[in-house]
Each structure stands twice: as C-alpha cells, then as structure tokens.
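Contents: one structure, followed by commentary.
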Amino acid sequence: MKPDPKNVQSLFIARYRHKFRVVLLFRIDDPATAQGFLQRWAANVNGGLSPAGSYAADVEAQLDPVCHFAFNWPGISLLLKERAATAQGLDPDEVGTNLEQFFTEEDHAPNSNSVVASLDMKGMNAPENWWTAGADQSAFHIAMLCYFADAAQKFQGLGKIRADAEASGLEEWQFPDFDDKALSGEVPAGGILHFGFRDGISKVDIDWEETGTPGKSDFRELLLGYPSSDYRISPVDPGPWNDFVRDGTYLNLAWLYQDVAAFNRFLRDHRNVTAPLSGQADPEEWLAAKMMGRWRDGSALALHPERMPEPWDPSNNFGYRSDPEGERTPLHSHIRVCNPRDQGLTHVNDRRFPKGPPRLIRRGFSYGPPLEGTEDDGKDRGLVGLFACARINEQFYSVVRWIQKTDFSDHFDTIRRGRKRQDMMFGFRGKRQAEATTYIPAGSAGAAPLELPLKDFIRYKGIAVFFAPSVKSLKYLSGS
Amino acid sequence: MTHPLTLTLKIKQDPETLAALNDLKENFAEHIQPKIEEALRKSKLVHFARVVVIGDNEYIQVITEYDGDHFEYTEFFRDALTPIFAKIFSLADGVPDVDNPAEFFEFSKNANVRTLGLSTDGATDMHGNQAGWLFSAYNHAEVRDILGALQRDAAE
Ligand code: HEM
C-alpha cells in the first residue's frame, strides 16, 4: 500500500508562498459546535503536492488564505467521542498502545517530568517558563495554522476566523505579547532568520513510489499508517486506528527564543582568536558558518569550505562521509547534528534507523523585530518551529536529545569529550556534565581546535505535540 | 549517566509455563546467553547484565546497568533482542507483543522495580522523578568512556 499525496495535508508536502503565518490555538468547550466550526474551515483543507498558493502551483496566481489543522490528544478524544467513533473501533479511552504514548499519555506529554528529564529542559528552558507565565498547559486542543498573503488579508482573515470560533464556543488561547495575539510571524525577506542565516534550503524529498532512490526519504518518515519492518510506527497492527491515522503526521511545535545580541556578541568577542583561522573569510562570518554548517547566505560549508561563493549556492547535494573529523563541516554544527546525512551513526542508531538518520519536515516562521548589534533591546524574538514526523520519540525527541548531547555517532569518540558536547548553535549549556565549548578543527594551519565557551543562544518557550490527520480523517473528525 | 534496570516478572505457575522456564534455564548458556551477549557488546551501552530466577521459580529478573536516556534506546533493545524478550515475557501474565514498540515500552516501564534510596548523580527514573540509588565506583563513567580508556591504556 502506498500513500496518495492528495490525502495528506499539503502543508507538509508543499511549500506555500504566503508570507504571513499564524498559529491559532483553540480549546473545545462543546465538541458539537466545534465540529460546526471545523466543517466550515477544515472541509476544504488542501491536500496534495501542488495546492493553490504553493510554489508548485501557478506562482502568478492570486494568493488566497489557506489553513491547516492539527489536534492534541485531548482534542482528538473529544471529537472522536462526539462522533461516537467507538462503534468504529475508535474508543479514545481504549486507545491503549495503538498510538505512541508520547502523544496520548499525560505522563509523557512534552511538559511531563519524564519528557522534561529526557530532553533536559532545565533552567530557562523548563516548562515553568513556557507559554504565558501561569497558563494552564492543557489550555488548547486545536492548532489552526493560517497562511496569509499580506497584512490586510491577515487582519481580515483572523477577524473572520475568530468571530466564527467564538460563536462556535471555541476558546482561543491568546498570546498578549504578540501583535496578533497569537503565535505569529512571517517568512523573513530572503528567508533570512534572526542570527542572519538563510533558511528553507534543505528539503526532505519524499519517495512516494518506494523507488529507494538515494537522496529520497521513505514516506514513513512523515506518514503514519504504513508500518514496516524498518519503520515500526504505531499502530503496528492493521485495524481502525491504523486506518484513522493513515496519511496523517505528528506536528511538533517548538516555540524558540533567540538571543540575537548574545549570538552577535559571541561572534564579535572571538573575532581576534578566530581571525588566524578564517583565511579569506571575515572571522565573524567564518565562526557563524562553522556553528551552523552553512554560510549565512545558505551555501553549505561541505561544498564551500573556504568562503561564501559568489553568487550563493543553494545546493543541498552533499554529505559528510569524506569529512569524518569535521574539518569542513564541524561535527557539532547545527545542520550536521540535526541531519547527519551519510555520517556513520553508532551501532545502536544504525539499527534504530536502518534507512538513515531520522528526518523532520520543517515548517515554521520567525517572529519579533530584527535586531542588529550586540545590545539587547528586551524584545521577544525567535522562531516558531513546526517539525513533522511519524514518530515523536524516535524522530523529533531524538533530534532534540542529540542537540543537547552529541552521542549518536562514533565520530564523536575521535575528539576530546566529543560525546558530551552539544549543537554549537543550540543546547542548554548548564546541562550536567556538558562540554559547552565549540569544537572547530583548525584545518591545515596545524593549530589546536577552537574551543570557545558557548552561551545559551536559544531557549525553549514551549513545546506541544499535535497530530495532523489526513484530509479524510480531518473530515471525519469534523463530523462530515 | 548510568541507570539500573531491574525488570521483574512474576512467573505464571501453570505446568506449561514451568516447563518453558525449565527449557529457558537449560538452553540459556548455549543458545540465549550468546545472543544477549552479542547484542549488548555491540550496543556499548550496557555495563553488566544478568538474568536470575528467584524464590521457588516465582520471579524472573533481568538486571542491568545501562547508559543513556531511558527513552532513547528502548527501540534498539526491543529490536535487537525480540526473540529473547518474547521468551522471557511469555513466562509472565499480561505479555506484550514484543513486535509492538508501544506495548514493549509500556511493559518494560511498568515491570522495572525501583531501587531503594536516592540517586546522587542527578539521575531520574522513567517517570522523570529522582531515581533510586545506584552506586558507581567510577563516578558513573559511561561504557564508551571506560572502553576508550582501556583502549588507550592497552596502546601505551
Ligand atoms: C531558533 C532555533 C533554530 C534555528 C535558528 C535554526 C536554524 C536552522 C537553519 C538556518 C538551518 C539550515 C537551513 C536549511 O538547511 O534549509 C537549519 C536546518 C535544520 N534544522 Fe534548525 N534551527 C533551529 C531549531 C531547530 C530545532 C529545534 C530542530 C529540531 C528539533 C532543528 C532541526 C533542523 C533540521 C533537521 C535541519 C535540516 C538540516 C539538513 O537537512 O541538513 N532546528 N536550522
């Protein structure tokens, strides 16, 4: 059985041209009226690879707003009960181990003690500091992801949605510090994020036809409902739960604060020690690139180790096999930790991921005003990351753990305290026993690697796990 | 960080199960032990491991000291040792389907007995609470640290 892309919500398999993005979080009070709302807004959700408004469709066409939907487990439970889905074998109270516990069980929710310990969400990253201070963490059921072409369309669109939501008894969890009172932001000009890096280059190229072509990813990285011996995705057995989740995906939301001033200060403060190693490149640009694995313009270090090419190179066609020590792309650079590509993993991880390292389909947006320079202005800014995958613990949480502790590959044993280090961009530096310094080989200069004390440049302000059902199951949940 | 695993299962007392237990005991050295040993050696995560039957064939325990996160490697052990776990678990009630990751995860979490006392190295249990006590003569160094040190020592 192979998936039909038309049954997959397009958000995960196409890219929209819309600049303005908003995540509305709603709490269901009355499932019946909530279903009315869903019927009006979710009935025409886009499925497929080239929906209107995407780069794969007519790029000259007018951009109408689009929205997509995902639900947390309490939300799905309420809607299934309203559908009397028990008769179809979908009793949420009896879901048992049909779905991953990291989705269904409060004991393994993102803010639970067990997951917080596993992901090392400590210090400022701890759930006490997530969301809006004091907010009840179970205050929402529905994530409605809205895409708008411009500010006027957003203003109008949000007004309409909110009026209908209110009339449908949906309570919105608002974020008073955002102008839109919701997690919202935009695709920045040229795709340049806070910290100055271009995003949106690497893509997960899904192998819809199971050709096994190198460079393509198995659709099971994204989609539930097709368990295989290489992908033991819950539910593993055929049955109503399997049918219900098929062509759906988990949507992991991470709200991340970026301390731009601290990052810029770090680059500036180490300008002098970096200068002898950076060759023809500007020392600060060189250090930033080594930490990310890409130059700020997006060109990969693996392909352009010396300097930013002119013009920039969007190629994503590279690996790390020929660079086992990280001379070009340091082992602890962000993109090498989050996607080690062809770098060998430890035996346990090879066995866990027989088809290659876990993949995440990344969506999301920047929020907050840009900041230049090294003085903080006290304003909130960062990234709302949306990471889609078929297994929460094996994929999303594994990568989050790898960011915090780089022990997933034997290569780390070749450098001092290599397995105790962290993603150089990211990670809670106060983690017990963490080696919170950079490790940047000095290359042909023959000098010692650059080991500079890292700071907390990024911190978590919230993590939530949703399930984005297929187009078909979304209709079912809506009561259609 | 090293964690203790004390998987403890109450053995069913029907004649069939007791016969299977007997079979397990008899075959352990020749057929089971080498398979566990191979998987654990390759994992570079487990310090020590043993399987014991206690009481009058009342309980079977799988006891190990292992490194790393509780949730990171469950799938590896399930996958690498599926037939062994199937054999051991079949001696108890409420057996999970070891081919099913979620069932295996739930079962192994619940069958682990907490050690007395409190961890001194910040270790947490599978529920995220402070773990029970586990003494470590080498300050909770990981298997890979120890293997690396031994290798360096041998090379000198
Ligand atoms: C504020 C926080 C973050 C920033 C600024 C950031 C920035 C970036 C940038 C600039 C890239 C390279 C662009 C590209 O390859 O298209 C990238 C790639 C990536 N990031 Fe992040 N990221 C952040 C958080 C995260 C988190 C939390 C995760 C996962 C849990 C993650 C996973 C990835 C992955 C999987 C890639 C693709 C790597 C590849 O395919 O080579 N990122 N990130």
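Can you compute the charge dipole magnitude of chain B about its Cα centre, using +1 on each Lys and Arg Cβ and -1 on each Asp and Glu Cβ, nothing else charged? Give it in debye, rounded to the nearest 20. Walk me through the numbers on the way to the answer.
Working: 14 positive and 26 negative charges, 44 e Å.
Dipole of chain B, to the nearest 20 debye: 220 debye.
Defining a contact as two alpha carbons under 8 Å apart and six or more residues distant in sequence, what relative contact order in percent does region A:179-259 show? Present the calculation step by step, with values, prior to reporting the outcome.
Values: 64 pairs, mean separation 14.6, N = 81.
That works out to 18 percent.
Helix B:15-27: angle to the longest alpha-carbon principal axis of chain B, degrees 0 to 90, nearest 10?
For B:15-27 against chain B, the angle is about 40 degrees.
Using only the Cα atoms of region A:345-419, build the gyration tensor, take square roots of its eigenvalues as a ≥ b ≥ c, and label the shape rounded, prolate or oblate: rounded if a/c is under 1.5, else prolate if a/b is larger than b/c, else oblate. Intermediate values should be presented prior to the final figure.
On the way: a/c = 3.88, a/b = 1.63, b/c = 2.38.
It is oblate, given that a/c is not under 1.5 and a/b is not larger than b/c.
Name the long-range amide H neighbours of A:Ala468: under 5 Å, sequence gap of 5 or more, or other chain; modelled H, no Pro or chain starts.
A:Phe71, A:Thr249, A:Tyr250, A:Leu251
What residues qualify as long-range amide H neighbours of B:Leu134, i.e. H under 5 Å apart, gap of 5 or more or another chain, H built at 1.01 Å from N?
Sorted by chain and number, the residues that satisfy this are B:Thr120.
Out of B:Ile146, B:Ile11, B:Ile88, any idea which swings most in a Gaussian network model of chain B, alpha carbons joined below 10 Å?
Checking each option, the largest mean-square fluctuation is seen for B:Ile146.
For A:Lys475, list the lysines whose Cα falls under 19 Å from its own Cα; do not include residues on the same chain fewer than 8 positions away.
A:Lys6, A:Lys81
With 25 Å as the limit, write out which pairs from A:Lys19/A:Lys181; A:Lys355/B:Lys25; A:Lys461/B:Lys44; B:Lys35/B:Lys109; B:Lys12/B:Lys87 have Cα-Cα distances beyond it, or answer none. All intermediate terms of the calculation are to be shown ahead of the outcome.
Values: A:Lys19/A:Lys181 18 Å; A:Lys355/B:Lys25 37 Å; A:Lys461/B:Lys44 35 Å; B:Lys35/B:Lys109 23 Å; B:Lys12/B:Lys87 13 Å.
Flagged as over cut-off: A:Lys355/B:Lys25; A:Lys461/B:Lys44.
Among B:Leu150, B:Gln13, B:Tyr73, which residue has its Cα furthest toward the positive end of the charge dipole of region B:2-155, with +1 on Lys/Arg Cβ and -1 on Asp/Glu Cβ?
B:Leu150
Identify, among B:Ile88, B:Asn27, B:Ala102, the residue whose Cα sits farthest towards the positive end of the charge dipole of region B:26-105, taking +1 on the Cβ of Lys and Arg and -1 on the Cβ of Asp and Glu, with the dipole about the Cα centre.
B:Asn27
Can you tell me the 0 to 90 degree angle between the C-alpha axis of helix A:283-292 and the longest principal axis of chain A, rounded to 10?
40 degrees
With a sphere of radius 12 Å drawn around the Cβ of A:Ser398, what net charge do the other residues whose Cβ falls strictly inside it have (Lys, Arg +1; Asp, Glu -1)?
On the way: positive: A:Arg352, A:Arg359, A:Arg391, A:Arg401, A:Lys405; negative: A:Glu394, A:Asp407, B:Asp69, B:Glu72, B:Glu75.
Every neighbour counted, the sum reads 0.
Answer rounded, prolate or oblate for region A:132-247, using the Cα gyration tensor with square roots of eigenvalues a ≥ b ≥ c: rounded when a/c is under 1.5, else prolate when a/b is larger than b/c, else oblate. Before the final figure, lay out each step's value.
Details: a/c = 2.38, a/b = 1.43, b/c = 1.67.
It is oblate, given that a/c is not under 1.5 and a/b is not larger than b/c.
Which ordering of B:Val51, A:Val400 is given by a fewest-first count of other beta-carbon atoms within 10 Å? Spell out each step's value before the answer.
Numbers: B:Val51 18, A:Val400 25.
Exposure proxy ranking, most exposed first: B:Val51, A:Val400.
Name the residue farthest towards the positive end of the dipole of region A:356-456 from the options A:Thr374, A:Ile415, A:Pro357, assuming +1 on Cβ of Lys and Arg, -1 on Cβ of Asp and Glu, about the Cα centre.
A:Pro357
Checking the a/c ratio against 1.5 first, then a/b against b/c, what shape does the Cα gyration tensor give for the protein assembly as shown?
oblate
Can you work out ³J(HN,Hα) from phi for every residue in region A:406-417, in order, using Karplus 6.51 cos²θ - 1.76 cosθ + 1.60 and θ = phi - 60°, giving whole Hz and x for Gly and Pro?
8, 10, 8, 9, 5, 4, 5, 6, 7, 10, 4, 6
Return the loop-located trypsin sites (Lys or Arg not before Pro) in region A:109-207 (DSSP other than H, G, I, E, B) with at most 11 other Cβ atoms within 10 Å of their own Cβ; answer none if there are none. It would help to have the intermediate numbers written out before the result.
On the way: sites: A:Lys122, A:Lys154, A:Lys160, A:Arg162, A:Lys181, A:Arg198, A:Lys203; in loops: A:Lys122, A:Lys181, A:Lys203.
In loop regions of region A:109-207 (DSSP not H, G, I, E or B), the sparsely surrounded trypsin sites (Lys or Arg not before Pro) are A:Lys203.
Under the definition of Cα pairs under 8 Å and six or more residues apart, what whole-number percent is the relative contact order of region B:2-155?
Computed value for region B:2-155: 30 percent relative contact order.
Give me B:Thr2, B:Thr64 ranked fewest to most by other Cβ atoms within 10 Å of their Cβ, as a rough exposure proxy. Intermediate results must be reported in sequence, preceding the final value.
Details: B:Thr2 24, B:Thr64 20.
Least to most surrounded, the residues fall as B:Thr64, B:Thr2.
Can you run phi through the Karplus equation (6.51, -1.76, 1.60; θ = phi - 60°) for region B:48-56 and list ³J(HN,Hα) in whole Hz, with x for Gly and Pro?
9, 8, 7, 10, 10, 10, 10, x, 8
Based only on other Cβ atoms within 10 Å, what is the fewest-to-most ordering of B:Val53, A:Val66? Walk me through the intermediate numbers first.
Values: B:Val53 15, A:Val66 22.
With the fewest neighbours first, B:Val53, A:Val66 line up as B:Val53, A:Val66.
Work out from phi, with θ = phi - 60° and the Karplus expression 6.51 cos²θ - 1.76 cosθ + 1.60, the ³J(HN,Hα) of each residue of region A:189-200, listed in order in whole Hz, and give x for Gly and Pro.
Rounded to whole hertz, the list is 3, x, x, 8, 7, 3, 5, x, 8, 7, 10, x.
Given Cα pairs under 8 Å that are at least 6 residues apart, what percent is the relative contact order of region A:40-105? Kindly include the intermediate steps, with their values, before the conclusion.
Values: 34 pairs, mean separation 14.9, N = 66.
It rounds to 23 percent for region A:40-105.
With a cut-off of at most 16 other beta carbons within 10 Å, and DSSP calling the residue loop, which GluC sites (Glu not before Pro) in region B:10-62 qualify? Please list them. Mind dumping the intermediate values first?
Numbers: sites: B:Glu16, B:Glu26, B:Glu30, B:Glu37, B:Glu38, B:Glu58; in loops: B:Glu58.
Passing sites in region B:10-62 are B:Glu58.
With +1 on the Cβ of every Lys and Arg and -1 on the Cβ of every Asp and Glu, and nothing else charged, how large is the dipole of chain A about its Cα centre, in debye rounded to the nearest 20? Show your work: numbers first, answer last.
Working: 56 positive and 64 negative charges, 144 e Å.
That gives a dipole near 680 debye.
Determine the calculated [θ] at 222 nm for chain B from helices alone, applying -39500 (n - 2.57) to every DSSP H run no shorter than 4 residues and normalising by the residue count; nearest 500 deg cm²/dmol. Present the calculation step by step, with values, prior to reporting the outcome.
On the way: 6 runs with 62 residues, N = 156.
Per the formula, -12000 deg cm²/dmol.
A short reminder: the numbers here are calculations on the coordinates, not readings from a lab. It should be emphasised that the depicted structure is a prediction, and the values quoted were computed from it without experimental measurement. Cβ atoms come from the backbone with ideal geometry, glycine included; neighbour counts cover every protein chain shown.
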